[in-house]
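Asks: Let me give you the structure first, and then I'll get to my questions.
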Amino acid sequence: MIIVPRLSPYSHIFPDPRTASKEGIVAYGGDLHPQRILAAYKRGIFPWFNEDDPILWWSPDPRLLLFPDDIKISRSLKKSLKKFEVRVDTDFRSVIKMCGAVREETWIVPELIEAFCELHEMGFAHSIETYRDGELVGGLYGLSLGGAFFGESMFSLVSDASKVALVRLCDIAKKFDFDFIDCQIPSEHLKRLGAVEVSREKFLELLDNAMQKSGKYGKWEDICF
C-alpha cells in the first residue's frame, strides 16, 4: 500500500511523481504559494482538490497531451474561427473565475484564483479569451514553463468559443516553439480535438526535455489574430 506523504509547510520540494498512488496522488497539504505551484508543474505535478478537502497534488497515469501540430480543426470549427475575436492576457481574472463559475463542483476556489492571478502578474499564467460583440463568451487559462503550456481549464458560453481559444493556443504554441500542451486528465472531448494519452513515464521524459527550453515569459498582450 502506498502512503501519500504530507508536504512540509517550509519547503517546496515534492516527491518523485513516479511514487504516486494508483489514482495519481503524489502528496497532500502545503499551500498554493506561487513558487510551490511552479515547483510542482516543473515536476509534472498539479493541484486538484475539492474546496473542503486538503490540497491534493496529482500526477496521473496516463496523461493527456496535445501536440500543437496535431490539433484537429473540423469544417465547422474552421468557420467558427472567423466568428470570434480572440484576445490574449487582457482579462485573466475574468477567465479563471468563469472557468470555476460554469461548474457545479470546482477546484477553482478563491485561494487558487488568487494564486494564479499572482502567477499571471509574474508572467507565468496566461489566458486566451474569445469575444463576440465585445462580450467575453469563452476562453482558457494555464501556465507556461519552458517549452510547455499546462492547460488548466476552459469555459464556453456559446458553441465553439472554448475550441476557438484552444486552436489559437496551438497557434501560439507553434509560434513559441512549445513542445506540447498538457491537458492533464484524459477527456474524450479533447481527444476528438487531437489530444492523445501518454504514459506518465513518457510524459516525464517529454517534460524534462521541455524544461530545458528558455520559454516565453511575461504577459502576451501583444499577440494578435
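Quick note: the coordinates plus some simple rules give every number you see, no bench work behind them. Please read all numbers here as calculations on a predicted model, not as lab measurements. Every residue, glycine among them, receives a Cβ derived from its backbone with ideal geometry; neighbour counts consider all protein chains shown.
Asks: I need the chymotrypsin sites (Phe, Trp or Tyr not before Pro) found in the range 1-105, filtered to DSSP loop residues with at most 15 other beta carbons within 10 Å of theirs. It would help to have the intermediate numbers written out before the result.
Replies: Details: sites: Y10, Y28, Y41, W48, F49, W57, W58, F84, F92; in loops: Y10, W48, F49, F84.
Filter output for the range 1-105: Y10.
Asks: Please list log₁₀ I(q)/I(0) at q = 0.21, 0.23 Å⁻¹ for the range 20-93, using the Debye equation with identical point scatterers on the alpha-carbon positions.
Replies: Here log10 of I(q) over I(0) equals -0.97, -1.04.
Asks: In the set (1) 19.9; (2) 19.2; (3) 17.7, which value of Kirkwood radius over Cα pairs in Å was calculated from the structure you see?
Replies: (3)
Asks: Among the listed pairs K78/K219; K72/K213; K83/K202; K22/K42; K83/K219, which are separated by more than 32 Å between their Cα atoms? Walk me through the numbers before you get to the answer.
Replies: Values: K78/K219 27 Å; K72/K213 26 Å; K83/K202 37 Å; K22/K42 21 Å; K83/K219 25 Å.
With Cα atoms farther than 32 Å apart: K83/K202.
Asks: Here is a follow-up. Suppose R0 equals 35 Å; then what is the FRET efficiency for T106 and D16 from their Cβ-Cβ distance, rounded to the nearest 0.05? Mind dumping the intermediate values first?
Replies: Values: r = 29 Å, r/R0 = 0.82.
With R0 = 35 Å, the Cβ-Cβ based efficiency is 0.75.
Asks: Could you quote the convex hull projected area for the range 62-114, Cα atoms only and averaged over all directions, in nm²? Don't skip to the answer; put the middle values down first.
Replies: Details: hull surface 24.7 nm².
For the range 62-114, averaging the hull's shadow over all directions gives 6.2 nm².
Asks: A further question on this structure: What trypsin sites (Lys or Arg not before Pro) does the range 82-167 have in DSSP loop regions with at most 13 other beta carbons within 10 Å? Show your work: numbers first, answer last.
Replies: On the way: sites: K82, K83, R87, R93, K97, R103, R132, K163; in loops: K82, K83, R103.
Here the trypsin sites (Lys or Arg not before Pro) that fit, given the DSSP loop and packing criteria, are K82, K83, R103.
Asks: Loop only per DSSP, at most 10 neighbouring Cβ atoms within 10 Å: give me the trypsin sites (Lys or Arg not before Pro) in the range 1-65, ordered by residue number.
Replies: Working: sites: R6, R18, K22, R36, K42, R43, R63; in loops: K22, R43.
In loop regions of the range 1-65 (DSSP not H, G, I, E or B), the sparsely surrounded trypsin sites (Lys or Arg not before Pro) are K22.
Asks: Further question: Hey, what D do you get for the range 6-60 in µm²/s if you plug the Kirkwood alpha-carbon radius into Stokes-Einstein at 37 °C and 0.692 mPa s?
Replies: Working: Rh = 11.0 Å.
Using the Kirkwood radius from Cα pairs, D works out to 299 µm²/s.
Asks: Next question, about the same structure. Report, in whole Å, the centroid distance computed from the Cα atoms of the range 106-184 and the range 1-35.
Replies: Spelled out, the Cα-based centre of one part sits 25 Å from the other.
Asks: May I ask you to work out the translational diffusion coefficient for the range 52-167 at 4 °C, viscosity 1.567 mPa s, via Stokes-Einstein with Rh from the Kirkwood sum over Cα pairs, reported in whole µm²/s? It would help to have the intermediate numbers written out before the result.
Replies: Numbers: Rh = 15.1 Å.
Approximately 86 µm²/s, per Stokes-Einstein.
Asks: Relative contact order, percent, of the chain when contacts are C-alpha pairs under 8 Å separated by at least 6 residues?
Replies: Details: 445 pairs, mean separation 54.5, N = 225.
Once divided by the residue count of the chain, the mean separation gives 24 percent.
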